[in-house]
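> Here you go, one structure.
Each reported figure results from applying straightforward, stated rules to the coordinates on display, with no laboratory input. Every value quoted in this text rests on a predicted model; they were computed, and no experiment measured them. Counting neighbours? That spans all protein chains shown, and the Cβs are built from the backbone with ideal geometry, glycine included.
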Amino acid sequence: MTSSAIYCNNPQAYVLERARNLSVPSILFNRKMFYETDSVLEDLRERKIDWIVLAGFLWLIPENMILAFPNRIVNIHPALLPKYGGKGMYGMKVHQSVIEDKKTESGITIHLVNEHFDSGDVVFQAQCTVLPSDTAESLAERIHALEYEHYPRIIEALVLGNNH
């Protein structure tokens, strides 16, 4: 039987409090543990984790983890990839770039994770209009709404093996 757990590299992350409130085990790790040892991967295997779902995780996933979970690591990006992706493109930086480039559309991309930032196979995209009056913050609000609407549904479809 598989289990669930929250793996987190930020000791201040609110998800750790949520995990405690829901009695979900949480595993805190640092950069050295993640990149220089197999401790995180070994823990994932011991818990019989089937899928890794990233949310707000900004580190590149090491190759040994990608090989251990082929096409079973999913992430969400706050833009329509392949545009506005890659190292350093996260959060408000993405929204600010979209606005500065005077784009009329943005959105979210749910994708599988490979050895490069934001370049895995696209699973799902949803878009929204970028308004002339938008700020990075107002665009972020609409992007967050798309994330909340679609990410849980797409994760469920992937895990259950259904078409989304």
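> From the convex hull of the Cα coordinates of the stretch 1-49, what is the mean projected area in square nanometres?
Projected area, direction-averaged: 3.4 nm².
> Can I ask one more? What's the tally of Lys pairs in the chain whose alpha-carbon atoms lie under 19 angstrom apart, where the two lysines are 8 or more places apart or on different chains?
Taking the chain as the scope, the lysine pair count is 5.
> Still on this structure, I have one more. How much of the DSSP beta bridge set in the chain is antiparallel, as a percent to the nearest 5?
Rounded to the nearest five, the antiparallel share is 70 percent.
> Can you find, among 129, 151, 85, the residue farthest towards the positive end of the dipole of the chain? Put +1 on the C-beta of Lys and Arg, -1 on that of Asp and Glu.
Working it through, the farthest residue towards the positive pole turns out to be 151.
> Related question: Using every Cα-Cα pair within the chain, state what percent have a distance larger than 27 Å.
Here the long-distance tail beyond 27 Å is 28 percent of all Cα pairs in the chain.
> Please list the radius of gyration and Dmax for the stretch 1-85, considering alpha-carbon atoms only, with Å as the unit.
Cα-based Rg and Dmax for the stretch 1-85 come out at 13.4, 39 Å.
> Now, a different point. At 222 nm, what value in deg cm²/dmol follows for the chain if DSSP H runs of at least 4 each add -39500 (n - 2.57) and the sum is divided by all its residues, to the nearest 500?
So the helix-based figure for the chain works out to -11000 deg cm²/dmol.
> Might you report the magnitude of the Cβ-based charge dipole of the chain about its Cα centre, with Lys and Arg at +1 and Asp and Glu at -1, to the nearest 20 debye?
With only Lys, Arg, Asp and Glu charged at Cβ, the dipole is about 140 debye.
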